[in-house]
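The values are calculated or read from the model by the stated rules, or taken from the named source; none is laboratory data. Note that the structure is predicted; figures quoted are calculated from it, not measured. Cβ atoms come from the backbone with ideal geometry, glycine included; neighbour counts cover every protein chain shown. All accessible areas refer to the heavy atoms of the entire protein, side chains included, with ligands and DNA or RNA removed. Shrake-Rupley method; radii C 1.70, N 1.55, O 1.52, S 1.80 Å.
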Amino acid sequence: VAARDRAPLLLVASDRLPVATAAELTRLQPGRIVIIGGTGTVSRAVETALGGYTSGSVTRLGGGSRYSTSLSVSRASYAAGSPTSVCLASGTTYSDALAAASSRGAAGAPVLLVRDDRATSGLLNELRRLAPSEIVIVGGSSRISDAVLDAVSDLGG
């Protein structure tokens, strides 16, 4: 989403705002800040601190896991039926998701994290909502099983 919207993506520690991030926020003077992740990932203290760096809102898109967080980001950022492509990447290793995020995001495609061995009902529901014409799987069968491929195969184009 950051790539699609040409928005900066800044990193914080779970319990503090790094000096370099604070300096960049001061320079950027953002109109709003979106936190990605639950309070276990980015604490309420950091959320409160971030409020001092924007004239707008600080919102959080999170869930109980990295999988549900990726679904929350998708639901908040993509209208039903809007993306022509959706990218699925393993949630257990980040290399595939990181490799796909900038190019797929710039193309307007959400990147959803999936469990390696099964497609959750949340994932399937989000794919139905998005109704993409294409589903791109990032990584080999050692990362995302054939069971996941079978479950999503009729949901993309």
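In the range 12-30, which residue that is more than 17 Å from R60 (Cβ to Cβ) and among the small types (G, A, S) is most open to solvent (accessible area, probe 1.4 Å)?
Per the criteria, the residue is A20.
Taking the criterion of being among the β-branched types (V, I, T), closer than 25 Å to D146 by Cα, open to solvent by 30 Å² or more (accessible area, probe 1.4 Å) and not in a loop (DSSP other than H, G, I, E, B), would at least one residue in the range 65-78 satisfy it?
No.
Considering only the range 45-54, I want to know if a residue exists there that is crowded, with 19+ Cβ neighbours inside 10 Å and not in a helix (DSSP H, G or I).
no
Looking at the range 13-35, which of its residues are of a type in the set (A, V, I, L, M) and not in a helix (DSSP H, G or I)?
A13, L17, I33, V34, I35
State whether the residues of the range 91-110 include one that is part of a strand (DSSP E or B) and either on the phi < 0 side of the Ramachandran plot or within 13 Å of the chain's Cα centre (by Cα) (or both).
Within the range 91-110, none of the residues are part of a strand (DSSP E or B) and either on the phi < 0 side of the Ramachandran plot or within 13 Å of the chain's Cα centre (by Cα) (or both).
Anything in the range 1-17 that is of a type in the set (D, E, K, R) and closer than 13 Å to A106 by Cα? List them, or say none.
R4, D5, R6 - these are the residues of the range 1-17 that are of a type in the set (D, E, K, R) and closer than 13 Å to A106 by Cα.
Give me the residue from the range 110-157 that is at pLDDT 90 or above, closer than 16 Å to T84 by Cα and among the acidic types (D, E) and, out of that set, most open to solvent (accessible area, probe 1.4 Å).
Applying the filter and picking the extreme gives E134.
Out of curiosity, is S90 over 19 Å from G139 (Cβ atoms) and either modelled with pLDDT of 95 or more or surrounded by 18 or more Cβ atoms within 10 Å (Cβ to Cβ) (or both)?
no
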